[in-house]
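Heads up: the structure comes next, in structure tokens.
FYI, it's all coordinate maths here, none of it is from the lab. Quick caveat, the model's predicted, so the values are computed rather than measured. For neighbour counting, all protein chains shown are included, and Cβ atoms are generated from backbone atoms with ideal geometry for every residue, glycine included.
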Amino acid sequence: MNVEPWSTVGPGSSAAIVPGIQYLLRAHGHAVAVDGAYGPATAAAVSAFQTAQGVPSDGIVGPITWPRLVIAVHQGSTGDAVRAVQQFGLARSPGEDPLVIDGDFGPITKERVEFFQESWGLSLDGVAGRETWSFFSTFVPGERPWALVKQGSSQATNWRVLAAQHLLRAHGATIAADGAFGPLSGQAVQAFQQTLRAVEISTTLGQLDWPSLIITVKQGDGRAGSKGEAVRAVQTLLAGVTVDGDFGPQTDAAVRQFQQVFLPPADGIVGPETWHTLMLRLFD
């Protein structure tokens with residue numbers, strides 16, 4: 001769950017993920033129509049697949065079924081498992097044509113998959129496998145995944161690295177905020193996770209970590225505003241802002257401008273909603 005935010009999809013759904021499920025079922029030999037509607041035929045095919053896999057047969061695709069349903073595809077792959085990926089479109093910017101659903105995993109599909117992976121902090125390998133599909137699965141109303149920050153990444157490959165390091169420092173880690181998420185940063189992640197839970201301990205910041213890692217910051221009202229590592233974390237995510245750890249007028253203006261575009265009305269407070277949105281790849 002922490003690294004792989006699998007959604008749960010069942011009968012009655014018409015979410016963007018449903019055609020992907022239907023293509024995957026077809027790739028496993030189930031003759032379902034790809035109509036985007038999770039109706040009785042799709043539910044029956046899921047139940048049959050679950051029975052064949054030896055897992056509870058409820059007709060619902062959730063965290064137990066997803067990893068079994070996914071078929072990893074890469075450049076050179078063909079067929080319905082490729083169509084399952086292509087049907088998401090994976091446009092890299094507004095106005096870009098979606099992928100052609102032709103079942104041929106060529107260079108263009110690889111580029112789009114890599115862009116998707118980079119956008120979410122995933123392993124950048126161009127392979128649409130289990131990890132990537134766990135994020136595809138969140139194309140469901142109400143799902144709000146957090147991006148990953150993985151050991152081995154850098155600020156150049158994942159723009160959240162410095163923010164993550166500053167936030168870990170705000171929680172007592174003694175790592176350098178140097179933009180290189182190496183072994184020491186990975187150890188700091190593990191130490192932080194161990195303060196939260198006894199399971200899913202790794203060197204990756206994920207779904208279970210961010211809500212506890214972020215710290216609400218804002219400018220003061222006639223008094224000193226927030227200061228310190230959490231403010232530096234915010235400042236690394238805002239273009240043109242000096243990273244000095246002081247939530248002053250410049251930072252306040254940048255936060256309000258960001259909120260006005262993506263989270264109106266603007267209040268200048270960097271709370272959970274603003275933190276989450278700052279971590280996303282957005283187009284204005």
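Observations
- Cross-link reach list, lysines versus K218, counting only Cα pairs under 27 Å and skipping chain neighbours closer than eight places: K227
- Residues of type aspartates and glutamates that K110 reaches as a straight line, Cα spacing below 14 Å, ignoring anything fewer than 8 places off in the same chain: D102, E118, D125
- Taking the three principal axes of the alpha carbon atoms in the chain, the coordinate ranges are 65, 43, 34 Å, sorted in descending order.
- Computed over the Cα atoms of the range 146-250, pair by distinct pair, the Kirkwood hydrodynamic radius stands at 14.0 angstrom.
- Per-residue Karplus couplings for the range 266-279, computed as 6.51 cos²θ - 1.76 cosθ + 1.60 with θ equal to phi - 60°, are listed in order as 7, 10, x, 9, 8, x, x, 5, 5, 4, 4, 5, 4, 7 Hz, Gly and Pro entered as x.
- Helical runs assigned H by DSSP (4 residues or longer) give the chain a calculated mean residue ellipticity at 222 nm of -11000 deg cm²/dmol, each run adding -39500 (n - 2.57) before division by the residue total.
- In the range 132-236, trypsin sites (Lys or Arg not before Pro) in a DSSP loop with at most 12 other beta-carbon atoms within 10 Å: R197, R223
- Cβ-based exposure ranking for S77, S7, in which fewest neighbours within 10 Å come first: S77, S7
- Applying a DSSP loop filter and a limit of 16 other Cβ atoms within 10 Å to the trypsin sites (Lys or Arg not before Pro) in the range 22-125 leaves R92.
- Pairwise centroid distance, computed over Cα atoms, of the range 208-281 with the range 156-182, Å: 16
- For the range 18-136, the dipole from Cβ point charges (+1 on Lys and Arg, -1 on Asp and Glu) about the Cα centre works out to 280 debye, to the nearest 20.
- Rounded to whole Hz, the Karplus (6.51, -1.76, 1.60) HN-Hα couplings of the range 139-148, x for glycine and proline: 6, 9, x, x, 7, 9, x, 9, 5, 9
- In plain terms, the bigger the Kirkwood radius, the slower the diffusion; for the range 185-224, with that radius from Cα pairs, at 20 °C and 1.002 mPa s, Stokes-Einstein puts D at 183 µm²/s.
- Here the Kirkwood formula, the inverse mean of 1/r across different C-alpha pairs, assigns the range 18-136 a hydrodynamic radius of 14.6 Å.
- Rg(Cα)/(2.2 N^0.38 Å) for the range 17-84, N = residue count: 1.03
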